[in-house]
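Take a look at the structure below.
The values are calculated or read from the model by the stated rules, or taken from the named source; none is laboratory data. Remember, it's a predicted structure, so these values are computed and weren't measured experimentally. Don't worry about glycine lacking a Cβ; one is built from the backbone with ideal geometry, like all the others, and counts go over all protein chains shown. Surface areas here come from the heavy atoms of the whole protein model, side chains and all, with no ligands, DNA or RNA. Shrake-Rupley method; radii C 1.70, N 1.55, O 1.52, S 1.80 Å.
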Amino acid sequence: IKSFDLVMIVMNATISMVLCCNNCSRDILIYILFCPSIEIDIDCGRARFNLFHFYFNYSYGMFKACLAISCSRIICNLIKELSSITELTSYGLIGLSKKPIHFICKILIVVDLKDCVNCTKRASYIDSRPQGNPKPCAGNQGTQITVEDLFYNIATRRKALKSTVEEHSKIAEVVGRYAIHNAPVGFTLKKVGESSTDIRTPSNSTTVDNIRSIYGPSVAKELLEIKCEDDALKFKSSGYISNANYCTKKCIFLLFINHRLVDSTNLRKAIETIYSSYLPKNGHPFIYLSLEIEPHLVDVNVHPTKHEVHFLNEDAIIEKIQKGVETRLLGCNSSRTFYTQALLPGAIASASTETEDSKGSGSKGVKAEKKDKDKDRVYDHQMIRTDSRDQKLDKFLSKSVNESSSETDISENKSTTADDKANR
């Protein structure tokens, strides 16, 4: 590892911004994947993601002099002179500059040293500067990178972090996509303090096996391999797409350009227009594509986080890929798969019809009863006299009450007549 001179710093001005936790994990993964590692273990902290622990079995180690400047932004181990900067691919970027992740967090590195036999050193960094001399410590074979207190010096960015569950799902999405693209490398992702893993892929695996373990067997069994190459446009692509038997509510689009996870809106829309004639409405496919384009033809200065890129002859390359996808789908359209549910053992086929008949007859009887009840029902407006000629209160009294009242009236009349006669 060597430091840049002033001219190299000016020429190497590409910077990627870190806006959230998945950007942090993505940038560190890019650094780690440069090393010939076989296993990568990632542990995420629970409390607002103030801890990221990366372990990878990179057994080649590091020189003691390089450990002091390993977190500096103005160093690179791939550039030795100014002329070699144009040949650097840097995972899809022309020119490699350390991302500003070293300025927004505290980093701890535990690594084996090449120039010290059986010696592991531990060094901590704040604002990309080492805090004291590296100290000897015990450690496993490999390298450990621990990121603590993310955005400790940017309060507004720290408050903008979303919930722990949502941030962890974004990190799992990034790690899972890199695990599919780097199938020979084993990936493990889990939360700190938990024994269960969210993502686990074995080393020396295949792309289809990793898709099966991350996205499920329903996607893996419906995949079609696609390859496209054009020497005139200086690109070649490979990947896997789902056939017409598989569809999902949201499009799963994995795009790697020069082995870097990016996004291309134009390419995604072009492929989805082809699937619109094969899939039902609101159905979307699964797409994994890996493009290799000449580095000087890729424009990465489109998005602050380098998430979206453009490239030269974009329309021609997209049309070429679109034709390859359509040709592959036409070849698999000879048969379609439809799933039906079989009856359980011991079930009677006519049971459904009997239940339907019983339901029909029962519904008819219920309707007849409702009609009879509606006829006998006395509504509220019928219980109030709105006109004196309609009805009187005597109508609501029983017959016995009426008869007793009439008898009392007759007896009273008789008594009054007898009194009149006596008075006379």
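Residues whose amide H comes within less than 5 Å of that of residue 113, counting only those at least five positions distant or on another chain, are 62, 119, 121 (H built at 1.01 Å from N in the peptide plane). Under 1.5 on a/c is rounded, so check that first for the range 110-223, then, if it is not, pick prolate when a/b is larger than b/c and oblate when it is not; a ≥ b ≥ c are the square roots of the alpha carbon gyration tensor eigenvalues. It is oblate, given that a/c is not under 1.5 and a/b is not larger than b/c.
Sorting 269, 190 by accessible area puts them as 269, 190; the probe is 1.4 Å, largest comes first, and only protein heavy atoms count.
Summarising the label geometry, the points placed 7 Å from Cα in the beta-carbon direction at residue 69 and residue 299 lie 3.5 nm from one another. With each label modelled as a point 7 angstrom along the Cα→C-beta vector, the residue 315-residue 169 pair spans 3.8 nm. In this label model, residue 160 and residue 197 are separated by 3.3 nm, measuring between points 7 Å along each Cα→Cβ vector. Ranking 310, 168 by solvent-accessible area of protein heavy atoms (1.4 Å probe, all protein chains present), from largest to smallest, gives 310, 168. For the cross-link pairs 162/306; 234/320; 249/281; 234/269; 121/191; 234/323, the ones whose C-alpha atoms lie over 19 Å apart are 162/306; 234/269; 121/191. For every other residue with a beta carbon closer than 13 angstrom to the beta carbon of residue 221, add +1 if it is Lys or Arg and -1 if Asp or Glu, then tell me the sum. Charge balance in the 13 Å sphere: -1. Sparsely packed loop sites in the range 190-253 (the GluC sites (Glu not before Pro) outside DSSP H, G, I, E and B with at most 16 other Cβ atoms within 10 Å) comprise 194. Around the amide H of residue 263, modelled in the peptide plane, lie the amide H atoms of 308, 309, all under 5 Å away and 5 or more residues distant in sequence or on another chain. Taking packing as the residue-averaged number of other Cβ atoms within 10 angstrom, the listed peptides 210-216, 240-246 run from highest to lowest as 240-246, 210-216. Placing 122, 26, 157 in order of accessible area, with the largest value first and a 1.4 Å probe, yields 122, 157, 26. Using θ = phi - 60° in the Karplus curve 6.51 cos²θ - 1.76 cosθ + 1.60, the 3J(HN,Hα) couplings for the range 310-327 round to 10, 9, 5, 6, 5, 5, 5, 5, 5, 5, 5, 5, 4, 5, x, 5, 5, 5 Hz; x is entered for Gly and Pro. Stretching the chain fully between residue 149 and residue 249 yields a gain of 32.3 nm (0.36 nm per residue, less the alpha carbon separation).
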